[in-house]
Amino acid sequence: MLLLDKTKKIGVNMLALRRIFKFLCLGFSLTSLAITAAAKPTPNCDTLNIAAARIPHYIEDENTGIFINLVSVAAKYAGLKLEITVLPKKRALQQFVRGQANTLLPHSSAGENLNAYKSDAILVKRDFAFVRRGNLPPKSVEEMKGMRVGLTSQYAYPKWLTERTDIDFTSQAESDQMNIRMLVAGRYDVAIIEQKSGSEAVSKIARDQIVYDPRYPISELNVWVLFQKDECGAMLKQKIDTAMRKMKTDGSWESIFQDLPESS
């Protein structure tokens with residue numbers, strides 16, 4: 001009987017020890033998780049890592065262009081570091097979508113619908129109909145029915161324009177200058193180009209041969225800076241929007257955009 005009592009006591013003690021051991025293991029696990037969570041680094045949100053699409057006059061290279069000047073000043077106002085990589089449009093978009101950049105510059109309302117934060121609008125992009133001198137520039141899309149119309153491949157155009165079946169979009173030029181050259185050569189009846197870069201291309205290669213009517217834009221698109229849809233992106237958007245609003249009040253904004261045509 002005494003031996004049985006001792007056996008029962010030993011069994012009870014072992015059970016208690018197991019419970020204590022499990023409790024200690026659980027406590028150690030929770031402590032480890034807490035330490036890991038506390039040690040997890042916060043997102044690095046002090047740098048604008050920009051994938052920028054090359055666009056004549058607006059983004060020429062990492063140091064040149066209206067949009068480059070814009071984000072450079074905005075980053076300085078916001079106290080952010082700046083890293084810019086200039087790429088062809090599709091590659092810049094892919095880099096942003098893959099998360100290799102936290103910022104995309106620029107993106108318009110004609111572009112792909114991305115899950116991202118948008119800045120305040122940085123430009124209203126206006127495209128115009130350029131024609132050979134002696135012809136009347138179309139005032140609307142309807143007036144281009146049956147015409148051969150040239151586009152520039154590095155721009156996003158609205159689908160309501162490009163999906164028209166009564167307009168001949170036979171090809172897209174690689175640059176605005178090539179678009180104008182093809183217009184001069186009679187390959188197109190009309191070239192649809194953004195106002196500033198189109199005017200620049202005309203002044204360089206066909207100053208007295210090509211005209212457009214600045215009163216009648218064919219399309220108008222909002223243009224933004226995009227940020228990743230995460231905590232860091234939200235912080236960057238807030239800082240850049242605040243900086244750009246300050247730039248609009250102190251004259252910096254006007255200084256950057258001062259050489260655009262009046263209707264831009």
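The values are calculated or read from the model by the stated rules, or taken from the named source; none is laboratory data. A quick note: this is a predicted structure, and the numbers were derived from the prediction, not measured. Note: ideal-geometry Cβ built from the backbone for every residue, glycine included; neighbour counts use all protein chains shown.
Observations on the model:
- Wholly enclosed helices (runs of 4 or more DSSP H) of the range 134-247 bearing at least 2 residues within 20 Å of ARG54 (Cα to Cα): 176-184, 195-205
- Number of the exception - VAL211 against (1) at pLDDT 95 or above; (2) among the β-branched types (Val, Ile, Thr); (3) crowded, with 20+ Cβ neighbours inside 10 Å: (3)
- Some residue of the range 52-69 being more than 24 Å from GLU254 (Cα to Cα), among the hydrophobic types (A, V, I, L, M, F, W, C) and surrounded by 20 or more Cβ atoms within 10 Å (Cβ to Cβ): no
- Residues in the range 167-217 that are without any contact (Cβ under 8 Å) to a residue 24 or more places away in the chain and touching a Leu at 6+ places or on another chain (Cβ under 7 Å) were compared, and the one that is nearest to LEU260 (Cα to Cα) is GLN172.
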